[in-house]
Amino acid sequence: MSTPETTLRQAQSPTGAPTRTAHHRRYLMCKPEFFTVNYSINPWMEPAKPTDTAKAVAQWQKLYDLYLELGHEVELIEPLAGYPDMVYTANGGFLIDGRAYVPKFRFEERAGEAPAFAEWFRAAGYDTIIPEEVNEGEGDFLLVGDVILAGTGFRSTGDSHREVGEVFGREVVSLNLVDPRFYHLDTAIAVLDPVQGAENGGPEHANIAYLPGAFDDASRAVLEERFPDAILVSDEDGSVFGLNSASDGYNVIISPRAKGFEVQLRDRGYNPILIDLSELLLGGGGIKCCTLELRGAK
Ligand code: ARG
């Protein structure tokens, strides 16, 4: 039997850290068949630098295979020629309880992806909501327990925070991003335990890891207050996209360059697994960017 919260495996940390439980996930990914960097909409993208599409596909394939090995489900959306950033499916929407809030991209270069994602959600049986406000999906909206953490400053607008709150009827916590390298919220925060302990019957609570320097003082204060046990990641690990990771509550897939974060995770009883997406980093994206969580029934 496979329900969204089915326990896949459990582990007891040797250091006496809490027991972590892996939860079943359903993801949407897009093979980077048309990956290249031929425009620049974030500081990582340098069109003059050569890219290797075959290498991008091979690295992406490792992430895809790993999700399946871990027992997760992965759906695929057909890549569109002329949309090299479509591999970053996290920007393709934000889904909770079988409802899909569609993106409205900040830049013209990605605008054509939105109808393709909307069509995929419709065909997959999601109740699909077309937005009024500029928003880049799970790149800027992270569900932590019952609360939506929402980023603004570079891509999604503050108005989209209000809209996403109305759409899902949940509390939204707005956070201001201030460093252009960390232009989406999922480059500065990793959700480690997306499921609340209470719903789950487990001892864990929804926790996060974050890069303090990516936020303004007010947002940092909010994070400190809400998540006193958060893992604070070093600038060194943050700047190699260490936080752009995917967790199932036990297995946390991270960049092999995020050495300190790997140790921090292990100390807390998580199981870091290293996947190198160096080629996709040339587009300014990492593991989480290539992963959209499909929450709710098909
Ligand atoms: N080149 C893409 C852009 O600038 C990268 C998107 C990364 N996605 C993410 N969820 N952080 O839009």
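The values are calculated or read from the model by the stated rules, or taken from the named source; none is laboratory data. Please read all numbers here as calculations on a predicted model, not as lab measurements. As a convention, Cβ positions derive from the backbone with ideal geometry for all residues, glycine included, and neighbour counts pool all protein chains shown.
Quick notes on this one:
- Among helices (runs of 4 or more DSSP H) entirely within region 234-297, having at least 1 residues that are in contact with a helix residue (DSSP H, G or I) (Cβ under 8 Å, 6 or more places away or on another chain) and within 16 Å of the ligand (Cβ to nearest atom) singles out 235-238, 278-281.
- Extreme residue, farthest from Ala22 (Cα to Cα), among residues of region 147-177 that are within 16 Å of the ligand (Cβ to nearest atom) and hydrophobic (A, V, I, L, M, F, W, C): Phe154
- Residue satisfying condition, being at pLDDT 95 or above and either more than 16 Å from the ligand (Cβ to nearest atom) or of a type in the set (D, E, K, R) (or both), within set Ala90, Ala48, Ala54: Ala54
- Top-ranked residue of region 146-195 - restricted to ones that are acidic (Asp, Glu) and within 26 Å of Ile253 (Cβ to Cβ), ranked as surrounded by the fewest Cβ atoms within 10 Å (Cβ to Cβ): Asp146
- Selected residue [in contact with a helix residue (DSSP H, G or I) (Cβ under 7 Å, 6 or more places away or on another chain), over 30 Å from Val222 (Cα atoms) and modelled with pLDDT of 95 or more] from Ile148, Ile77, Ile96: Ile77
- Listed by first and then second residue, the pairs linking a residue in region 154-165 that is farther than 16 Å from Asp179 by Cα to a residue that is small (Gly, Ala, Ser) and within 16 Å of the ligand (Cβ to nearest atom), with Cβ atoms under 7 Å apart and 6 or more places separating them unless they lie on different chains, are His161/Ala150; Val164/Ala150.
- Any hit, region 138-146, residues being under 22 Å from Ile41 (Cα atoms), among the aliphatic types (A, V, I, L, M) and more than 11 Å from the ligand (Cβ to nearest atom): no
- Residues located in region 169-183, provided they are part of a loop (DSSP other than H, G, I, E, B), farther than 17 Å from Leu95 by Cβ and either touching a residue at least 60 places away in the same chain (Cβ under 8 Å) or not charged (D, E, K, R) (or both): Val178, Pro180, Arg181, Phe182, Tyr183
- Some residue of region 114-127 being surrounded by fewer than 19 Cβ atoms within 10 Å (Cβ to Cβ), within 11 Å of the ligand (Cβ to nearest atom) and either in contact (Cβ under 8 Å) with a residue 12 or more places away in the chain or closer than 26 Å to His23 by Cα (or both): no
- Listed conditions (1) away from the ligand (no atom under 16 Å from the Cβ); (2) surrounded by fewer than 17 Cβ atoms within 10 Å (Cβ to Cβ); (3) small (Gly, Ala, Ser) are all met by Ala22, apart from (2).
- Entirely in region 101-168, the strands (runs of 3 or more DSSP E) that have 2 or more residues that are among the hydroxyl-bearing types (Ser, Thr, Tyr): none
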